[in-house]
Amino acid sequence: MTPRAWDVVIIGAGAAGLMCAATAGQRGRRVLLIDHAEHLGERIRISGGGRCNFTNRRVQPENFLSQNPHFVRSALAQYGAQDFITLVERYGIAYHEKTLGQLFCDHSAQAIIDLLHAECALGDVQFCHPCTVTDIARTGAGFTVQTPNERHQTASLVIATGGLAIPKLGASPFGYRIAEQFGLPIVPPQPALVPLAMPPEWLAEYPIAGNSLTITAQGEATAPRFQEQLLFTHRGLSGPAILQASSYWQAQSWHQEKRSPLVINLLPDIADVFAQPVSSKQTLAQRLSEFWPKRLAEAFCATHRWEKPLNQFSHKEKAAINEQLHHWLIQPAGTLGFAKAEVTLGGVDTRALSSKTLAARSVPGLYFIGEVVDVTGWLGGYNFQWAWSSGFVAGSHV
Ligand code: FDA
């Protein structure tokens, strides 16, 4: 069978693959986009509670975790948040800023999927899905890509198959396998932006599932501090502050065998919980209820046996309680895994890739973009921005 000839074959039609295809197609490249999914853009469709948090006004290189933290700089400089916002505005998609620079569609994430398909149509991108790739081989001039019914020949091959989060949405380790096939190193993938599991004895001590409060959380003592909601769950801890901190907690495995605990400040806006009580007979639980849900305050004080009026605590006890509230150390048993994770930490090692083009240094014509790469954004639109930026950059060079 004579192979069909393309300039670019992209495997994975998610956020990064669609962006890359549109960019390359509009440069006049003949582009084929292959995906094994029946429905494309599912991760975009369900993102941001169905409204897609498509970028963040405050995107900076510091908002990404990678073994090479400088790697993202070039791609973000070539295609930043404002570039995607301009594209969204060109399509007349109404959006709003929710919090902390996070931009969401006013109506539906489908508008972003439609935008990407319209951009691909402008570049005459051809689609093949649902379609499985059974083999990839290097040829003199490029690569052959085998599917059950066809063989494709291409000068440039882009791997955009994402990470391992939420397998039921079509996540697969395909991209890592291709990297390994071509001798590229992988930073071991781990769940990130993921709820944390607490040991059974801890769960028994804190029977407060369903309660939430504003805290600051750090994945370890030197990690960035996130001031957002913490949610107590039946299995442990969740909420945006915990999801953010979870990525840094997981990343400790890059440098040390045993992870240090998370550091949580349960009263980020109150320096001294004993200062200015309503009355000296007020109990600590009553005092904490001014800042926390009542049930949480009562359960927390019962667990710690802090059950007396404020005026009965000694100076030493007060100092210890303030310390405990502002510096609560949490040692999770683990995470809830890829089934509950929003993204993957780790992936194709950036040291094997050019930050300017996303091409593999040792395999001309082979590119890796999006979440399959060892670049993980914070919660809040950063991961889509990485998909747009890396997709645009590879699409400009293939
Ligand atoms: P993505 O996973 O989007 O696409 C990969 C594509 O490759 C898929 O279409 C898949 O079917 C295909 N594929 C995989 N294996 C294949 C194979 N073997 N053969 C062929 N095709 C294959 N981020 C953000 O910035 N804002 C947000 O609001 C959210 N919200 C959110 C909610 C939920 C529930 C999740 C799970 C994740 C988010 N994210 C997010 C993260 C964001 O969705 C994610 O970072 C990007 O979708 C990554 O884009 P990629 O294109 O790299 O992978």
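Mind grabbing the accessible area of SER253 for me, 1.4 Å probe, Å², rounded to tens?
Answer for SER253: close to 50 Å² accessible.
Taking all protein chains in place and a 1.4 Å probe, what share, in percent, of the accessible surface of the chain do carbon and sulfur account for?
Numbers: 8650 of 16890 Å².
The computed percentage sits at 51.
Quick one: in region 196-335, what % of C-alpha pairs are over 28 Å apart?
19 percent
Measuring from the lowest to the highest alpha carbon on each principal axis, how far does the chain reach, largest first, in angstroms?
In descending order, the Cα extents are 86, 46, 33 Å.
Roughly how tilted is helix 294-304, in degrees to the nearest 10 and between 0 and 90, from the longest Cα axis of the chain?
70 degrees
What order do MET19, MET1 take when sorted by accessible area (1.4 Å probe), most exposed first? Let's see the in-between values first.
Values: MET19 10, MET1 145 Å².
Output order, biggest surface exposure first: MET1, MET19.
Taking Cα centroids, how far is region 305-331 from region 177-201 in Å?
Spelled out, the Cα-based centre of one part sits 38 Å from the other.
For the chain, find the longest principal axis of its Cα atoms and tell me its angle to the long axis of helix 110-122, 0 to 90°, nearest 10.
It is inclined by approximately 20 degrees.
Taking the Cα centre of each part, how many Å lie between region 89-110 and region 345-398?
Using only Cα atoms to place each centre, the spacing works out to 24 Å.
Please calculate the 1.4 Å probe accessible area of SER362, with all protein chains present, and give it to the nearest 10 Å².
80 Å²
Using only DSSP helix segments of four residues or longer, with each worth -39500 (n - 2.57), what per-residue ellipticity at 222 nm results for the chain after dividing by its residue count and rounding to 500? Before the final figure, lay out each step's value.
Values: 12 runs with 117 residues, N = 398.
Value at 222 nm, helices only: -8500 deg cm²/dmol.
Where does helix 81-90 land angle-wise versus the long Cα axis of the chain, in degrees 0 to 90, nearest 10?
Roughly 70 degrees, rounded to the nearest 10.
What number comes out for the charge environment of SER289, summing +1 per Lys or Arg and -1 per Asp or Glu over other residues with Cβ under 14 Å away?
0
What percent does the relative contact order of the chain come to when contacts are Cα pairs within less than 8 Å and at least six residues apart?
Dividing the mean separation by the residue count of the chain yields 26 percent.
Across the chain, how many lysine pairs separated by 8 or more positions, or lying on different chains, have Cα atoms within less than 22 Å?
Lysine pairs satisfying the spacing and distance rule in the chain number 9.
Could you list which residues have their amide H under 5 Å from that of LEU353, counting only those 5 or more apart in sequence or on another chain, with H placed in the peptide plane?
ARG361
Where only protein heavy atoms count, and the probe is 1.4 Å, what is the accessible area per residue for region 337-398 in Å²?
Working: 1570 Å² over 62 residues.
Result: 25 Å² per residue.
Rolling a 1.4 Å sphere over the protein heavy atoms, what is the accessible area per residue of region 159-233, to the nearest Å²?
Working: 3040 Å² over 75 residues.
Accessible area per residue: 41 Å².
The values are calculated or read from the model by the stated rules, or taken from the named source; none is laboratory data. None of these values were measured; they are calculated from a predicted model. With ideal geometry, Cβ positions are generated from the backbone for all residues, glycine too; neighbour counts draw on all protein chains shown. Keep in mind that these areas ignore ligands, DNA and RNA; they rest on the heavy atoms of the full protein, side chains included. Shrake-Rupley method; radii C 1.70, N 1.55, O 1.52, S 1.80 Å.
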